[in-house]
Structures are given as structure tokens and as C-alpha cells.
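Undergrad: Pasting in a structure now, in C-alpha cells, and then I'll have a few things to ask.
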Amino acid sequence: MNTIILQRILMHMMDFEHNRILYSDDFLDLTPMMQEYYDKKVEKAWNSTKRTEVKVGDFHQIILRCTDMIENSENFFKHAHTITEELFELGTKINLMPNANILFIECNIDGMKHIAIIKLNYKIVPVSVVEEEEGKQVVRITNQQMVPGKTAPVEEAIIVNVEEKRVYLIEKRFEIDGKQDTYLNQHYIKGEPLLTDNQMVKLLNKTIEKVEDAYAVNEFEPKALINQEIINCLLDHKDIKPTEIASAILSRDYEAETEALDILNDLGISEDSVISSASENVDKLSKCKIVTDTDMTISVSVDDYINENRIKKVKNDDGTYSIVLNDIHEITVK
């Protein structure tokens, strides 16, 4: 679980409907209820599966500005004003860009100083209103613009680790020049996108599957083995490195291990690549589904499956498989 501590928040409004920006003159004074809302927004942004790191130079303007913002309040307001103007100018060129609040949040994430720039796009929702008509009270349903709730995912964000000079983006697709596309990186940050955690896990799965098909190093399926290695890293508080996971799974065959590492390197996954968000999915990672070609599904823990605790996969003489379940005290049909 990531430790997130908010320090100060400034919020402006981008009103695309009336082509104007409404600037705040002071930082937000947070009540306990609103503190919970902004805590959740930063948590949602940081743990988003859509968060992508982009590679930029140490002297990129977004890094220099965010580094300058934490120095004092005057710098914070100055750069927040400029960034809002620039994002608003981009937004005016995008078809059907919704009104939005833009948050500038100084925070610590796992002990490191960050500036999180989160765009809260307004949603159109039906609400009840009470109106007076000719002396009579009438209840109507009308549409109203509202910011996303605290549990809603963050659709757009720029998060800057000012200590390590790293930039992360969450991007949403809009209609740009007649087609659906993103704009934050392509038209604003202009960095080199790095692989997301999900992309690295998928590429790792495909790589191990390909190598296992060729070398048959292990008797268990790659997905279960990969999940087990990720969980081991989390329990040992180690970085989750795809190359180290591949090496661990294929360590019994040098050629298979070497081929897997070569494939991963060609796919853009190096020794320094790290999967950062898996800690939020420990429960999901610890379980796997066994699906047969006869449309049967069995849900079991990865540890039980690999260590053959209470479940065993047996290959029959005719080439088929049997699944044997042991030590069952009760069976319930759901």
C-alpha cells in the first residue's frame, strides 16, 4: 500500500462552455470530508492501471516548474496559472471538451515529493429540481454538471516526482481532428512513453509462454508461475522486475532463460524495468482459475495449485488430464 500525504492544494476551473478560466486566489482549506475526497483522488491517480511513465529530460519544463512550485507559494501560484492557461488553450481545440476543475496538489508519495496535476472532468447527470410555476410547485428532472465522485477513476493527470525527475500521465481519448486520440503527451509533454505495468505483465506472460512451448522447462502454466513470483517479491519487499521473474521461472534451463531475456529486451523491458502497482492486486494475484476445454472452471490459490495442496493435475496414458481434489469436508453449489 502506498503512503500518500497531501500538503497543499490549489484548484482552478476551466470553463470551456463560456471560454474562460476561473482562478482561485488561495489554497483549499480542507474539511475532514473534503480531505477524504482529495486523498482518494490522488490515490486513484497513483494506483491507476492507465498511469504511464514518459521519459523526459531533467530540464523539461514540467519538471522545472514543479520543482520550482514546492519552493514557495508565489512560485506555486505562478506556475499553476501558466499550466492551466496552456492546458485550457489545448482544450479549446478539442471537440466536446467538458468543463473541468484542475487540481494542483503538493504531496508526498512513499516519502518522495510529488506535484499531482489532476483534471476533474465534469459529468452531465440528471437531477431533480423544484420550480415555481404560476404559484404552483413543480418537480422536474434536468441535467446538471457535476465533478466525479471520490471513488470514480481519474481520467486525466500529470504526476511529477520532483526528486527523481520522473513524469507520469493518465490520458483520456477525445475527438481530435475527426478521430479519437489523446493529447497530453503528444501535444503538451512530448515525452517518450514507457511501458505500463499492465503491458509489462502481458509481455512477460507471452514471453514465458513462447519459451515454455519451445523448451518445456516447467510443468505448470506460466501465468500461475508469474503470479507466484510477483507475490514472493511483494512479501519480501523487493522490486518486481520482469527480467528477474523470467530468470527465476526458467533458471533450470540456461538457453531458455537467455532466450526469454533477449525477447524481453527486444520488447523494451530491461534489467531496470519495474512493475510498480501490483501491490494493489495481491488478492487477485494469489488466485488463479483453471479452465478446461469441457467448460469447467475451478478457482484455486496459486500456492495450492503449484505446490499441489488439495489439488493435483494428473496426465493420463491417453494424453488427457485429470484434476484430483483432496481433503474436501463440504461441497456447496452456488
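Undergrad: Just to confirm the filter: which GluC sites (Glu not before Pro) across the range 230-334 are DSSP coil and have at most 13 other Cβ within 10 angstrom of their Cβ?
TA: Numbers: sites: Glu244, Glu255, Glu257, Glu259, Glu271, Glu280, Glu308, Glu330; in loops: Glu271, Glu308, Glu330.
Counting only loop positions with at most 13 other Cβ atoms within 10 Å, the GluC sites (Glu not before Pro) in the range 230-334 are Glu271, Glu308, Glu330.
Undergrad: Which ordering of Glu221, Glu163 is given by a fewest-first count of other beta-carbon atoms within 10 Å?
TA: Working: Glu221 18, Glu163 13.
The fewest-first ordering by Cβ neighbours comes to Glu163, Glu221.
Undergrad: Something else about it: Note down the magnitude of the dipole of the chain about its Cα centre, charges +1 on Lys and Arg C-beta and -1 on Asp and Glu C-beta and zero elsewhere, to the nearest 20 debye. Present the calculation step by step, with values, prior to reporting the outcome.
TA: Numbers: 38 positive and 60 negative charges, 144 e Å.
About 700 debye.
Undergrad: If you don't mind, another one. Can you list the chymotrypsin sites (Phe, Trp or Tyr not before Pro) in the range 1-84 that are in a DSSP coil and have 14 or fewer other beta carbons within 10 angstrom? Working shown, then result.
TA: On the way: sites: Phe16, Tyr23, Phe27, Tyr37, Tyr38, Trp46, Phe59, Phe76, Phe77; in loops: Phe16, Tyr23, Phe27, Phe59.
Counting only loop positions with at most 14 other Cβ atoms within 10 Å, the chymotrypsin sites (Phe, Trp or Tyr not before Pro) in the range 1-84 are Tyr23, Phe59.
Undergrad: With each run of n ≥ 4 DSSP H residues scored as -39500 (n - 2.57), what mean residue ellipticity at 222 nm is computed for the chain after dividing by its residue count and rounding to the nearest 500 deg cm²/dmol? All intermediate terms of the calculation are to be shown ahead of the outcome.
TA: Values: 9 runs with 106 residues, N = 334.
For the chain, the value works out to -10000 deg cm²/dmol.
Undergrad: Using Cα centres only, tell me the gap between the range 221-240 and the range 1-72 in whole Å.
TA: Distance between centres, Cα-based: 32 Å.
Undergrad: Taking loop as defined by DSSP and a crowding limit of 14 other beta carbons within 10 Å, which trypsin sites (Lys or Arg not before Pro) in the range 81-150 fit? Mind showing how you got there, number by number?
TA: Values: sites: Lys93, Lys113, Lys119, Lys123, Lys136, Arg140, Lys150; in loops: Lys93, Lys150.
For trypsin sites (Lys or Arg not before Pro) across the range 81-150 that sit outside H, G, I, E and B with at most 14 neighbouring Cβ atoms in 10 Å, the list reads Lys93.
Undergrad: Would you give the gap between the C-alpha center of the range 300-324 and the C-alpha center of the range 140-176, rounded to a whole Å?
TA: One Cα centre to the other: 45 Å.
Undergrad: Could I ask something else about it? Just need the Rg to Rh number for the range 1-140, please, alpha carbons only, Kirkwood Rh. Before the final figure, lay out the partial values.
TA: Working: Rg = 18.3 Å, Rh = 17.3 Å.
With Rg and the Kirkwood Rh in hand, the quotient comes to 1.06.
Undergrad: Please rank His114, His12, His81, fewest neighbouring Cβ atoms within 10 Å first, as an exposure proxy.
TA: Details: His114 24, His12 21, His81 15.
Ascending Cβ contact count within 10 Å gives the list His81, His12, His114.
Undergrad: Return the distance in nm (one decimal) between the two label points of a simple spin-label model at Asp293 and Thr151, each offset 7 Å from Cα along Cα→Cβ.
TA: 4.2 nm
Undergrad: Under 17 Å from the Cα of Lys206, which lysines turn up, not counting those fewer than eight places away in the same chain?
TA: In chain and number order, the partners are Lys223, Lys241.
Undergrad: Note down the Stokes-Einstein diffusion coefficient of the range 197-325 in µm²/s, whole number, using a Kirkwood radius over alpha carbon pairs, 20 °C, and 1.002 mPa s. All intermediate terms of the calculation are to be shown ahead of the outcome.
TA: Numbers: Rh = 15.5 Å.
My calculation gives 138 µm²/s for D.
Undergrad: What dipole magnitude, in Debye to the nearest 20, does the range 1-50 give about its Cα centre under +1 on Lys/Arg Cβ and -1 on Asp/Glu Cβ? The partial results should precede the final answer.
TA: Numbers: 6 positive and 8 negative charges, 61 e Å.
In debye, rounded to 20, the range 1-50 gives about 300.
Undergrad: Next question. What number, in percent, do you get for the relative contact order of the chain if the mean sequence gap of Cα pairs under 8 Å and at least 6 apart is divided by its residue count?
TA: Working: 514 pairs, mean separation 50.2, N = 334.
Once divided by the residue count of the chain, the mean separation gives 15 percent.
The numbers here are math on the coordinates, done by the rules we state, and not lab data. Worth saying up front: this structure is predicted, and the values here are computed from it rather than measured. FYI the Cβ positions are ideal-geometry reconstructions off the backbone, even for glycines, and counts take in every protein chain you see.
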